[in-house]
Structure formats: structure tokens, C-alpha cells
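Peer 1: There's a structure below that I have some questions on.
The values are calculated or read from the model by the stated rules, or taken from the named source; none is laboratory data. Fair warning: this is a prediction, and the values are worked out from it, not measured in the lab. Counting neighbours? That spans all protein chains shown, and the Cβs are built from the backbone with ideal geometry, glycine included.
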Amino acid sequence: MSEVAYETEIEIRNPEGLHMRPAMQFVDVANAFNSDISVSNQDTTVDAKSIMQMTMLAATCGTKLKIRAQGTDAQKAVEALQGLVERDFSATPPVSSVSQKKSD
Amino acid sequence: MEIRKGIAVSPGIGIAKPMVIDSREYHIPRRSIMISQRTAEIGRVRKAFAQAIHELDHIESAKSIEKSDIRDIFVVHMRFLRDKTFRKRITDFVNKELVTGEYAVSVILREIASHFAGIDDPYISERAADIYDIEKRLIKHLLGRVEDNVEHLREEVVVLSHDLTPTQTASFNKTFVKGFATEKGGRTSHAAIVARSLGIPAVVALGNMPSEIHPDGLIIVDGNRGVVIIDPDSETLQQYQQLARQMTQSASALNELRDLPAETRDGVKIDLLGNIEFPNEATHVLDRGGDGIGLYRTEFLYLYSGKEPTEEDHYHAYAEAIRTMKDKPVVIRTMDLGADKVPETNFHPNETNPALGLRSIRYCLQNLPLFKTQLRAILRASVLGNVRVMFPLITNLPELRQAKMILRDVMEDMDDDAIPYNPDMRVGIMIETPSSALTAGLLAQESDFFSIGSNDLIQYTLAVDRANEHVSTLFSPAEPAVLRLLRGVVQDAHKARIGLSVCGEIASDPEFIMLLLGMGVRTLSLAAPMIPEIKKIIRSVSIEECGDLTRKVATLDSSRQIKNVLRDAATNISSETY
């Protein structure tokens, strides 16, 4: 098994940041892969498959994150997560955003 | 006004506002668990997670929830409940801190919530509410319907609940909990025993209580008659307030007796010891003027944890009670359960007759590791005070010898490990079967003391199960057969010059005290709240009167006659002043 690690940098651009709903989508995508996936901001690194850790990362709009995957499907995983963030979490399962009740 | 009838399990009258322990506002006190409970506690946490997920599945699929944004909230909660690192953080906390699952849930979830709340972004800080919601759901599954904040009461209440565990009951603060009433339960449930020990009036088995109980209303718990009155009218309330006042007055008069000796009018000193179940009850025994602990039941160690207790679990429980009692005697009875009640046993014999089956000392003699663990803990604790050990349900001499041989084995092991213990610890037995009563003379040669367990002795002598309502009226300590056995045991103990106490219910029955003294009993062990009343009787009588009564009773041939004579005698003393 190839254990190559892939890494990429992303920026959270949706106004609500990586709060509950986007975090859930992120975690769901991450869990679809076998690789170990971590996400880091400037001071912490967390498990991308744990919603607790991802939400506690509290990535607000404008936060830069590093996604790192290691495992057989590391490259695909990183690309999928990057795609999700770059689409501003929009194209995956069309569910209305939870916190739109709060006007911005 | 609504009157409910149940079973009176602990005497007294309590009048206060209701506290229904079924609310959704949780405050979880920190409560420690024993090391041996860790696995079970983590199992509880896992189960709560599974139940919460199951519940959310239902909510999610329920048609009534059409608004997708509400559904989305639950979908996110579900992700949390399925997050293994999240769950692990809680189970790790249980493991490391040795606290209950509910406490771990509340600490960890509040940590996470406050983390969110502290982030300067409205989208994220608002998520704290989600975390609180997950917390509530988990706690609800961990605690069932019962809320645990009775420890932190600030006002007097009557606790109303579906059912109570002994641990919950034991945590009641008597200053504020004026009584309790449960829908379920029975006379012999552990909650009932603990209520009697704490002296909290209690009524159980009330059936379904009204779903709406007015929080500002009043509840009367009449633990004498087994009645609970919801929102009493003013006349009823006045009657009960007066009754409660009278009872308090006589109770405080009895408390004045605390520091007076339990001595008959003709100067014979009687030792009044307490029966306890939980180590913290030792304080109640001292508060009521007890001279020691005559029966420390150790079954709760096995029942509460749902797991076989470790040596440390045993040791800590014993050490607490012994330290409280200082140099006063503490008689620890070894495990007295049936095979069906011992946790983690694969062998549950399907017994048609459990009272005559594999239980108590018999079970211990067949399960030596379990027995030795307890004996080792008792021996270790024996250096902390005046500790004695007592074997239950001994029926013949070989059984006693076998139990003592195992005790010596454990002592030798401890010698090898250089662990200190008291080599002269006194070893006694319960006399609670006709066979041990009839051979008391033999058993006395190899015992340091006897303790008569009247409840089992009566059941086995009369062949009556008093929990069976069809025959329970046949259960009577005043049966001539029972009294003959009692008299014989007392005489055999005296002849052999060994200690003798009575620790069954007759030791706290005002009508039987004179008879027991007349037979020659000089030590009684009873529930702490009864000590003052029994002391009062002792101080009112002379041994001579008691002897006369005993001789008179010996000439009577039926339980009914004997009861009448005993009742008349008891009425005469209580009407006189002491």
C-alpha cells in the first residue's frame, strides 16, 4: 500500500465559516475515505473525521486551513475536501443552510 | 385534595412542597465511582449514546418534522453522537477521573459549549446551544427519568419519583428531604431500608401518580399509615401538622436520652448497636447514641456496582465506617446474597427454592476468590479499629470450620505479603437457621460470638415466607417454637461465655424488648432511628420484671396469647414515665 501524504491549503470563504452544517458536510466527505486526514490552522491540528474536533477548530470566514491526508486514497480525499470548500459547501446534498435564520 | 394509598416503609410524617425528580433541568454533582465500576460506567455511557442515536433516528424520520432546518439540527447532533473521538473524550474522563458517566458528559459537553461560546463569531458562539441540547439528551438517557440534584437542595421538599435507587436515597439530605413517595418499590427494596436508616418517612408502591403535580402545592407523606396526600385541604393539613408536632416533641425528648446509658432501673447495662448498610450510616448510629455497629451488611457493595467489588472497594467502605466509629465495635457480616444476585456470575442456578438454595456462606464457600477478596479487605481494615467478622447462614460446625480455615488461609497469604492485620480479630456467626439454633452449644465452642438474625430464623422455623401475602399472617416472632429456639441459643451462649446479640427486627420491636432482656439478652443491634425509643424502654424496666414476664410467656401455648401479654406489658411501661 502506498502511504503517500498529500497536502493542500484552503481558505474558508462562506460567510458562516466552518460552523455546524458545513463542518458536518466536511466530516462526511472525509469519512468517505480510508486515509487519515487532518486539518490544521495556525495553532492546532485536528482529525477531519471528527465533527467535534472540526467544529472546535472554529474556522470562521477567511480562515486558512491546511488539509493533509495520508493513506491509499490520500490524493482523492484532499481533492474532494478542497472541492467542497471551494464550492462554499454548496453543491453537496442540497439542504438549506441551518443558520440562515440569522441575517448577515 | 387527592389521597393515595401505598406501602408504608419508613415511619414518620413529612409535609413539604413536592419535588418531582423528573425535570429536564439538570445539575449533575460530581460523584466518584469505584475502580471496579469503570467498565460498567463506560458501558452506561456507550448505551446512552446508542439510545440517543436511536431517539434521534426517530425524530429525524418523524413526519411531523417537516421543517428541514429543524431536521438539520438533529442531523448535526447525530454526527456528534456518532463521533468516536467525541465519545472517547467522555469515556477517557470517566476512566481517568473515576466519576459517573453523567458527570463526565456534563463536564466535557460544557467545556465544548463554553469553547464555542467564547469564540467571537455569532455563527459559532451560537452553537453552544446545540452542545447543551446534546448534553441534555445524553444525561436523560444516563439517568432515566431521575434527576440527581437532591443533594443540592435549599428548601424542604417531599421527593416524588417513579422509583429510587439506594444510592439516590442514601444521598438525600435529611435536612431538606422531609419524605419521599415512589410509584414503584416494595417493603424490602433497598430504598426502603435506606429510608428507615436515615429516618426519612417514606411510602412506596403508590401506582401511577397524577402527571400534573402543582409545584407550589403541598404533599403529605404519612409513613405510619402508608398514605400520600396531594394538595391537602386545610382541615387535613392541620390534623397532620399537629400530629407531626407531637411526633417531633417526643422525638426530641428521645434525643435527650442520647447521652444517657441504656441501663435498666436495676442497673443492668444493655449494649445498643446499630445495623448499617452504607458506610456513611455509621454517623447516624453515633448520632442516635449507638454503642457500635452490630451488623454491617455488605451486600450493597455487590449490588450497586453491578460488578464484583475489588479488595479496594471493600476496604474503603469498611475503613470509612470503622474510622467513624473509632474504637467502638464494628461487626462486618460477609456477603449474604443468593447466586442469582451476585453480579458477573455465569452460574445462575435455576432454583425452585432460593431461600434453601445456593446463597450466603454457601455461595462464598463455593466461590473462594470472591470470598477471599472480602476477607482480605476485612482483615486489612481490622487494624483500623475494633473490627469483628461474622459469617451468615451457618448451619453446622463443619461449615464454620471451613469458613474459619479460609480466613486462616487469607491470614497466611497476608503474612507472606507482610500486610498487617489483627490476628485476634473476633469471629462470630449468625444464628438464623433452626439447625444452628439447635446446635448452638456445639457452634459456641468455636465461635467468639453469636448474632441472632430473627427474620430468617422465623422464616426457616415456621416455614413461612413473609413476603408471600397468602401466608404472611403466619409469620410471627411470638410463636412458641421461635421463642424456644431463642431461649436455647441465649442459654448456650451464656454457658460458653461468648458474646450474644440479637440483630433481627425483634430487636427494635418495643413489644419484644422486655422478653429478650428476660431471656438474658444484653446486646441488641437495630436500625439507628429506633435506638432512642428502645433505650427509653430499657431505662423504664427492671430485669426482675422482664424475668417475670419471660416466665409467664413460657407457660403460654399460642402466638396470639403471647402477643397479647407482651403488648399489655409494653403498654404499661410506655404509659409510665421513665
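Peer 1: Tally up the residues in segment B:525-554 that are modelled with pLDDT under 95 and of a type in the set (S, T, N, Q), please.
Peer 2: 1
Peer 1: Another question about this same structure. Could you say which residue among B:LYS495, B:LYS535 is buried (at least 17 other Cβ atoms within 10 Å of the Cβ), assigned to a helix (DSSP H, G or I) and charged (D, E, K, R)?
Peer 2: Going through B:LYS495, B:LYS535 in turn, the sole match is B:LYS535.
Peer 1: Within the bounds of segment B:513-525, is there any residue that is part of a helix (DSSP H, G or I) and over 19 Å from B:GLY453 (Cα atoms)?
Peer 2: no
Peer 1: Yes or no: segment A:43-56 includes at least one residue that is modelled with pLDDT of 90 or more, farther than 22 Å from B:PHE116 by Cα and among the basic types (Lys, Arg).
Peer 2: No, segment A:43-56 contains no residue that is modelled with pLDDT of 90 or more, farther than 22 Å from B:PHE116 by Cα and among the basic types (Lys, Arg).
Peer 1: Give me a count of the residues in segment B:76-88 that are surrounded by fewer than 19 Cβ atoms within 10 Å (Cβ to Cβ) and not polar (S, T, N, Q).
Peer 2: Number of matching residues: 3.
Peer 1: Can you name the residue in segment B:104-124 that is buried (at least 16 other Cβ atoms within 10 Å of the Cβ) and within 9 Å of chain A (Cβ to nearest Cβ) and is also modelled with the highest pLDDT among such residues?
Peer 2: Restricting to residues being buried (at least 16 other Cβ atoms within 10 Å of the Cβ) and within 9 Å of chain A (Cβ to nearest Cβ), the top hit is B:ILE112.
Peer 1: Determine whether B:LEU397 is at pLDDT below 95 and over 23 Å from the mean Cα position of the chain (by Cα).
Peer 2: The answer is no for B:LEU397.
Peer 1: Let me ask something additional. Since B:PRO477 meets every condition but one in (1) more than 24 Å from B:LEU549 (Cα to Cα); (2) of a type outside the set (S, T, N, Q); (3) not in a helix (DSSP H, G or I), which condition does it not meet?
Peer 2: (1)
Peer 1: Could you check, for segment B:128-141, whether at least one of its residues is surrounded by fewer than 16 Cβ atoms within 10 Å (Cβ to Cβ), modelled with pLDDT under 85, within 14 Å of chain A (Cβ to nearest Cβ) and more than 39 Å from the chain's Cα centre (by Cα)?
Peer 2: yes
Peer 1: For segment B:468-511, what are the residues that are modelled with pLDDT of 95 or more, hydrophobic (A, V, I, L, M, F, W, C) and out of contact with any Lys or Arg (no Cβ under 8 Å at 6 or more places or on another chain)?
Peer 2: B:ALA481, B:VAL482, B:LEU483, B:LEU485, B:LEU486, B:VAL489, B:VAL490, B:ALA493, B:ALA496, B:ILE498, B:VAL502
Peer 1: Out of curiosity, is B:THR169 surrounded by 18 or more Cβ atoms within 10 Å (Cβ to Cβ), at pLDDT 80 or above and among the polar types (S, T, N, Q)?
Peer 2: Here the answer is no, as B:THR169 does not meet what is asked.
Peer 1: Could you pull out the residue among B:GLN249, B:GLN242 that is modelled with pLDDT of 85 or more, surrounded by fewer than 20 Cβ atoms within 10 Å (Cβ to Cβ) and in a helix (DSSP H, G or I)?
Peer 2: None of the others qualify; the one that does is B:GLN242.
Peer 1: Which residues, counting only those in segment B:505-524, are buried (at least 24 other Cβ atoms within 10 Å of the Cβ) and under 14 Å from B:ARG196 (Cβ atoms)?
Peer 2: B:ALA507
Peer 1: Taking the options B:ILE13, B:ILE28, B:ILE65, B:ILE70, name whichever one is crowded, with 18+ Cβ neighbours inside 10 Å and modelled with pLDDT under 80.
Peer 2: So the residue among B:ILE13, B:ILE28, B:ILE65, B:ILE70 that is crowded, with 18+ Cβ neighbours inside 10 Å and modelled with pLDDT under 80 is B:ILE28.
Peer 1: Let me ask something additional. Residue pairs, Cβ under 7 Å, 6 or more apart or interchain, first in segment B:404-416 and under 16 Å from B:ALA381 (Cα atoms), second modelled with pLDDT of 95 or more and of a type in the set (Ser, Thr, Tyr). List them.
Peer 2: B:MET411/B:TYR421; B:MET414/B:TYR421
Peer 1: Scan segment B:544-576 for residues that are among the acidic types (Asp, Glu) and part of a helix (DSSP H, G or I) and report the count.
Peer 2: Residues meeting the conditions: 4.
Peer 1: A further question follows. Which members of segment B:190-239 meet the condition of being assigned to a helix (DSSP H, G or I) and in contact (Cβ under 8 Å) with a residue 12 or more places away in the chain?
Peer 2: Matches in segment B:190-239: B:HIS190, B:ALA191, B:ALA192, B:ILE193, B:VAL194, B:ALA195, B:ARG196, B:SER197, B:LEU198, B:THR236, B:LEU237.
Peer 1: Identify all residues within segment A:10-67 that are more than 10 Å from chain B (Cβ to nearest Cβ), assigned to a helix (DSSP H, G or I) and small (Gly, Ala, Ser); write none if there are none.
Peer 2: Scanning segment A:10-67 gives a single hit, A:ALA30.
Peer 1: Restricting attention to segment B:142-156, and to residues there that are over 20 Å from B:PHE49 (Cβ atoms) and not in a loop (DSSP other than H, G, I, E, B), which single residue is modelled with the lowest pLDDT?
Peer 2: So the residue we want is B:ASN149.
Peer 1: Something else now. Could you please let me know if B:VAL541 is crowded, with 20+ Cβ neighbours inside 10 Å, touching a residue at least 60 places away in the same chain (Cβ under 8 Å), farther than 24 Å from B:LEU438 by Cβ and over 28 Å from the mean Cα position of the chain (by Cα)?
Peer 2: yes
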